[in-house]
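> This structure is in structure tokens; I'll ask about it shortly.
The values are calculated or read from the model by the stated rules, or taken from the named source; none is laboratory data. Predicted, not measured: the structure shown is a model, and the values here were computed from it. Ideal geometry is used to build each Cβ from the backbone, glycine not excepted, and the neighbour counts take in all protein chains shown. The protein model used for the area step is the full one, side chains on, heavy atoms only, and it has no ligands, DNA or RNA in it. Shrake-Rupley method; radii C 1.70, N 1.55, O 1.52, S 1.80 Å.
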Amino acid sequence: RSEVALVRGIELFHGTILDNVRVGREFTSAQVRAALDQVGVWQAIQQMPDGLNTMLYTGGAPLSEGQKQALMMARAILGAPRLLIIDEALDTIQDTEERDLFRKILFDRNAPWTLLLVTSRQDLMTYCDRVLNHSGNALQEAA
């Protein structure tokens, strides 16, 4: 389990931002800050009165939807998993700039993970080396 990360929506609990990114794992505040910065949300969190110690409530308040999604991505990439599964989490992102940022991070050829992306978005499929349909048949493979 320590080598697999899954993002399939917003799954935040009552606790601090730091606790919600760590999820019981032993990471330093600096590591958490780096992951939050990588997904483009650190500056906004840093400006909150309590920063990483800002309390999140059920549903993720006081964060915006985009900030919540970024938190989920930071949580996933923090541990540099060997397998990263993104289950339709990019499909609902409307902000093009935000989606492009996540795409660049997730599809980075130097990333330590193999990415398994579950999506119905054709524009995201074009970045994949291999695309399978629901029955496992290859629809496209990289040359």
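> Do we find a residue being under 16 Å from the mean Cα position of the chain (by Cα), surrounded by 12 or more Cβ atoms within 10 Å (Cβ to Cβ) and assigned to a helix (DSSP H, G or I) anywhere in region 7-16?
No, that holds for no residue.
> Determine, yes or no, whether residue 33 is out of contact with any strand residue (DSSP E or B) (no Cβ under 9 Å at 6 or more places or on another chain), open to solvent by 60 Å² or more (accessible area, probe 1.4 Å) and either at pLDDT 95 or above or hydrophobic (A, V, I, L, M, F, W, C) (or both).
yes
> Return the residue satisfying two criteria in turn: it lies in region 79-89 and is in contact (Cβ under 8 Å) with a residue 60 or more places away in the chain and either in a loop (DSSP other than H, G, I, E, B) or in contact with a helix residue (DSSP H, G or I) (Cβ under 9 Å, 6 or more places away or on another chain) (or both), and of such residues it is surrounded by the most Cβ atoms within 10 Å (Cβ to Cβ). Walk me through how you get there before you give the answer.
So the first thing to find is which residues in region 79-89 are in contact (Cβ under 8 Å) with a residue 60 or more places away in the chain, and the list is 79, 81-89.
From what's left, either in a loop (DSSP other than H, G, I, E, B) or in contact with a helix residue (DSSP H, G or I) (Cβ under 9 Å, 6 or more places away or on another chain) (or both): 79, 81-82, 84-86, 88-89.
Details: 79: 20, 81: 20, 82: 12, 84: 24, 85: 18, 86: 22, 88: 14, 89: 22.
Here the answer is 84.
> Do you know which residues across region 36-56 are surrounded by fewer than 15 Cβ atoms within 10 Å (Cβ to Cβ) and closer than 25 Å to residue 90 by Cα?
The answer is 37, 43, 44, 46.
> Then there's this: Inside region 90-106, can you point out the residues that are assigned to a loop (DSSP other than H, G, I, E, B) and surrounded by 18 or more Cβ atoms within 10 Å (Cβ to Cβ)? Before the answer, list the steps.
Step one: filter region 90-106 for residues assigned to a loop (DSSP other than H, G, I, E, B), giving 90-95.
The answer is 90, 93.
> Given the criterion of a type in the set (Gly, Ala, Ser), within 21 Å of residue 17 (Cβ to Cβ) and touching a residue at least 24 places away in the same chain (Cβ under 8 Å), identify the matching residue among 70, 61, 44.
70
Let's see how each residue does on (1) surrounded by 15 or more Cβ atoms within 10 Å (Cβ to Cβ); (2) among the β-branched types (Val, Ile, Thr); (3) not in a loop (DSSP other than H, G, I, E, B):
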position: 58; (1), (2), (3): no, yes, no
position: 67; (1), (2), (3): yes, no, yes
position: 72; (1), (2), (3): yes, no, yes
position: 75; (1), (2), (3): yes, no, yes
position: 112; (1), (2), (3): no, no, no
position: 117; (1), (2), (3): yes, no, yes
